[in-house]
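The values are calculated or read from the model by the stated rules, or taken from the named source; none is laboratory data. Keep in mind that this is a model prediction, so the values were computed, not measured. Here the Cβ positions follow ideal geometry from the backbone for every residue, glycine too, while neighbour counts run over all protein chains shown. To get the accessible areas, we keep the full protein, side chains included, count just its heavy atoms, and leave off ligands, DNA and RNA. Shrake-Rupley method; radii C 1.70, N 1.55, O 1.52, S 1.80 Å.
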Amino acid sequence: MTGRRRFSFPRPLRTATALAACTAAVGASLAGCGVLPGGSAGAREPITVMTFAPEETRATNMPGMPAMAQAYAKYVNEKGGIDGHELRVLTCNEHNTTAGAAACARRAVAEGAVAVVGSYSQNGRAFMAPLEAAGVPYIGGYGVSEEEFTSYLSYPVNGGQAALLAGNGRQLAEGCSRVSLVRPDTIAGDNLPVLLNTGLAEGDGRPSADVKAAEDATEYLEEAERARDEAGGRSGCVTAVLGERTANFFDSFRRLPEDDRGVRISSVLSSVDQPLIDRTGGAGGPFEGAYMTGWYPDAGDARWGVMRQVIKDHAFGDDRIDPADAGVQTTWIAYTVLEKVIEALDRDSVTPSAVSHALDTGVSVDTGGLTPALRWRFEDMLGVPGFPRIVNPNVTFQVVRDGRLVAQRPGFVNVARTMSQAPMV
């Protein structure tokens, strides 16, 4: 439960007072008053949630996610809240550190948040432990930490980086004879070649060349040269998954001495997005013609229309929010889930346990085609070891044409089978 009631006297007295006033009105009837237990007459308690993400750090930054959460709160509160509840959004800078992630989670608990919604952190163990201890659900995380797909209180809306890598392998197998993967030289990065190679194998592609790189370097000339050499001839491809440093890698790749091999580049939409493509020259930049694997429809799809209008109406001039950013899109979908859950509960008071119980027992969320219908019952989960709580194993294949990310093929591609066959997953 969060916040305080908007009236100080007890609810039974409030209801009785309202009914008495209604009865006294000339010609009034109780049926015409509409003041009944559970009704919405300004009596429903505010709901507090939190969105956290790293900002102003040397590595990955996601300022658009808390900004989108604030815009969503303005949007729903302007139309009377969620099922009569005012939505209060706390935001927190996670700083890309374990201490920062834990501090944000503890603050969410201390300030009575009923859920953490649409957030980003690579430090899953640090933030999930305080949330689990307090029973606070984690809805629609970005999908970069293991705990998001293993914790009983996590409700993911996408298949995370695992689905992207498996899908990227499927996508590249169709047009690349050889593939080089540039990925972080970390424990988390060690899983990426396995997932990519499983996707490549499904398309009869050969395993990728594994090129390890520092995740915080400013240039990658040595790695870029090796990746291009390993990719081989004109039908070869280089895919890089280095988070925010992916841009640095492809800048180094572009600065390699020219040759006639014409190796094609690729990435996933957790590492490259439309804002980055725009910043690096659009149609004249290094990403023209690149293959991309994403979770959702391309940013120009009409299904993002409501989100775009909300940004226009409630975050005009806020340059932190780009509707083409995958973090912003994930936060929008996560808050869509929250809204559906609160409406399904239909209560004056909402608690963390009520939210998680509703999700566990079958609330189904229609996201307007941005994802398949989402539901988190046990039987809805993929159940793959390492990622058991994935309920949306779908990706989209996109390509950069004339400087814009567009669909390479229509619809979603389900990579559940690919992920289940990955030996380390």
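Listing for the model above:
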| read-out | value |
| --- | --- |
| Cβ pairs under 8 Å, 6+ apart, first in region 312-332 and in contact (Cβ under 8 Å) with a residue 12 or more places away in the chain and within 15 Å of Y75 (Cβ to Cβ), second of a type in the set (S, T, N, Q) and part of a helix (DSSP H, G or I) | A315/Q70; P323/Q329 |
| Per-region count, region 370-425, residues more than 19 Å from the chain's Cα centre (by Cα) and of a type in the set (S, T, Y) | 2 |
| Residues satisfying the stated conditions in region 194-227, i.e. modelled with pLDDT under 95 and touching an Asp or Glu at 6+ places or on another chain (Cβ under 9 Å) | G203, G205, A214, E215, A217, E219 |
| Options V365, V337, V355: the member that is without any contact (Cβ under 8 Å) to a residue 60 or more places away in the chain, surrounded by 19 or more Cβ atoms within 10 Å (Cβ to Cβ) and farther than 30 Å from I265 by Cα | V365 |
| Conditions (1) assigned to a helix (DSSP H, G or I); (2) open to solvent by 20 Å² or more (accessible area, probe 1.4 Å); (3) within 14 Å of G167 (Cβ to Cβ); number of the one not met by M419 | (2) |
| Region 337-356: number of residues that are within 15 Å of P137 (Cβ to Cβ) and of a type outside the set (A, V, I, L, M) | 6 |
| Check on R107, of a type in the set (K, R) and out of contact with any Cys (no Cβ under 8 Å at 6 or more places or on another chain) | no |
| Test: V337 is under 19 Å from F412 (Cβ atoms) and touching a Leu at 6+ places or on another chain (Cβ under 6 Å) | no |
| Yes/no for R183 being in contact with a Cys (Cβ under 9 Å, 6 or more places away or on another chain), under 30 Å from R234 (Cβ atoms) and crowded, with 17+ Cβ neighbours inside 10 Å | no |
| Subset tally (residues that are of a type outside the set (S, T, N, Q) and under 19 Å from R417 (Cβ atoms)) for region 194-223 | 11 |
| Qualifying residue in region 176-195 (condition: closer than 18 Å to R264 by Cα, charged (D, E, K, R) and under 22 Å from the mean Cα position of the chain (by Cα)) | yes |
| Residue count for region 369-399, restricted to those that are outside any strand (DSSP E or B) and of a type in the set (S, T, N, Q) | 2 |
| Close pairs from region 138-153: first in contact (Cβ under 8 Å) with a residue 40 or more places away in the chain and more than 15 Å from A126 (Cβ to Cβ), partner of a type in the set (S, T, N, Q) and open to solvent by 10 Å² or more (accessible area, probe 1.4 Å), Cβ under 7 Å, at least 6 apart | G143/Q161 |
| Tally, over region 400-416, of residues that are part of a loop (DSSP other than H, G, I, E, B), under 16 Å from Q161 (Cα atoms) and not hydrophobic (A, V, I, L, M, F, W, C) | 0 |
| Per-region count, region 143-193, residues at pLDDT 95 or above and of a type in the set (S, T, Y) | 6 |
| Pairs with Cβ under 7 Å, 6+ apart, first in region 204-218 and under 19 Å from N61 (Cβ atoms), second acidic (D, E) | A214/D185 |
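Yes or no, residue by residue, for (1) under 29 Å from E45 (Cα atoms); (2) under 18 Å from the mean Cα position of the chain (by Cα):
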site	(1), (2)
R320	no, yes
T330	yes, yes
I333	yes, yes
K340	yes, yes
S356	yes, no
L359	yes, yes
